[in-house]
Amino acid sequence: MRDTKESRLLLVLLIAIAFALITVDIRGGEDSPVDGARHAAASVFGPIENGVSSAVHPIGNAVSAVRESGDRHDRLAELERENAALKAELGSDDRDRSRLKQLDKLLGVAGKGQYGIKGAQVIAIGAAQGFSWTITIDVGANDGIERDMTVINGDGLVGRVTTVGPNTATVLLASDPDFTVGTRMEGSDELGFASGQGDRPLRVELLNGKAEVKKGDRLVTFGSQADKPFVPGVPVGIVSRVDPSGGDLTRTLYVTPYVSFSKLDVVGVVVQAPEKDPRDTVLPKKPKPTPTPTVTVTVTPSAPADGQPEQ
């Protein structure tokens, strides 16, 4: 065949057809739509296929690579989904472990104080009643909960029940400005009244304006008549600041509460008061003071120089 314009055009056309058929065949695999015609076409385009095999081979590999890449992408997405599910499961386990730890502390406090409690979980913050610092718990009248019951957790006083529904109840937190509870100082038995101040320490007015109080002293609930709304002996907090006694009839203290009101989850409603006042037995153990290291310096007299008498 002469090397004419027509022959070159025919060659290019045949090569294009060969590329198209090979690509379709590679994509189809065993179900290739040209499988039946492939043997017949081979006799016609065989020489051309052989001539361009070096070009076709990389193309076939590329198609295969794209197909495998898609498989890897799908597998990667599947692994990412499995990983996310596993993290969620582990997170759930972490929450369960945290709640078990809180429940264990709560039972410890209830045991020391001999409080009969009904365990509950915080399901909401705030309430329709308009209180600034309230929580909603998942127990109510059907569980024996009544208005003006004391609410505690594993750290101490949480608040008191204010509103009761069939299956839920609203608790006014000790941090609320409308909250007031009678307190008693550990050891000295000085009485006072603690009021909430939102996210600031509790404000306590001692009845004795000349009471000896210092930073680090601890307070518990004094208890109410008929144990409502407060049972005695529940840890309240630690004195963080004492105002100077100005000769007033009362003395003002500021108390850091034991309870972290922004991290409430598992709580207990005291449904049965103790038979006797637990006094200070429910308070946590005081941390042991860290000993101050002492350094002893021993001075060794220097030896006299040769020929010099000792002084």
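The values are calculated or read from the model by the stated rules, or taken from the named source; none is laboratory data. All figures in this text were calculated on a predicted structure; none of them were measured in a lab. Every residue, glycine among them, receives a Cβ derived from its backbone with ideal geometry; neighbour counts consider all protein chains shown. The accessibility values were calculated without ligands, DNA or RNA, using every heavy atom of the protein model including side chains. Shrake-Rupley method; radii C 1.70, N 1.55, O 1.52, S 1.80 Å.
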Going by accessible area, probe 1.4 Å, with all protein chains left in place, what is the ranking of 115, 258, largest first?
258, 115
What figure in square angstrom, to the nearest 10, would you give for the accessible area of residue 255 with a 1.4 Å probe?
0 Å²
For every other residue with a beta carbon closer than 13 angstrom to the beta carbon of residue 209, add +1 if it is Lys or Arg and -1 if Asp or Glu, then tell me the sum.
-3
Can you give the extra length, in nm with one decimal, that the chain gains between residue 195 and residue 95 once fully stretched, where that is 0.36 nm per residue apart less the Cα-Cα distance?
32.8 nm
Spacing of the two label points (7 Å from each Cα toward its C-beta) at residue 178 and residue 275, in nm
3.8 nm
Cα gyration tensor shape of the range 98-173, rounded if a/c is under 1.5, else prolate or oblate by comparing a/b with b/c:
prolate
If the chain between residue 288 and residue 250 were fully extended at 0.36 nm per residue, the gain over the current Cα-Cα distance would be 10.5 nm
Test of understanding: what is the full-extension gain from residue 141 to residue 260, defined as 0.36 nm times their sequence separation minus their Cα-Cα distance?
40.2 nm
When you count, for each residue, the other Cβ atoms within 10 Å and take the mean per peptide, how do 192-202, 138-148 rank with the highest first?
192-202, 138-148
Ranked packing of 223-229, 153-159, most packed first, by mean Cβ within 10 Å
153-159, 223-229
The range 101-208, relative contact order [Cα under 8 Å, separation at least 6], %:
19 percent
Take 104, 176, 265, 94 and sort them by solvent-accessible surface of the protein heavy atoms, 1.4 Å probe, largest at the top.
104, 94, 265, 176
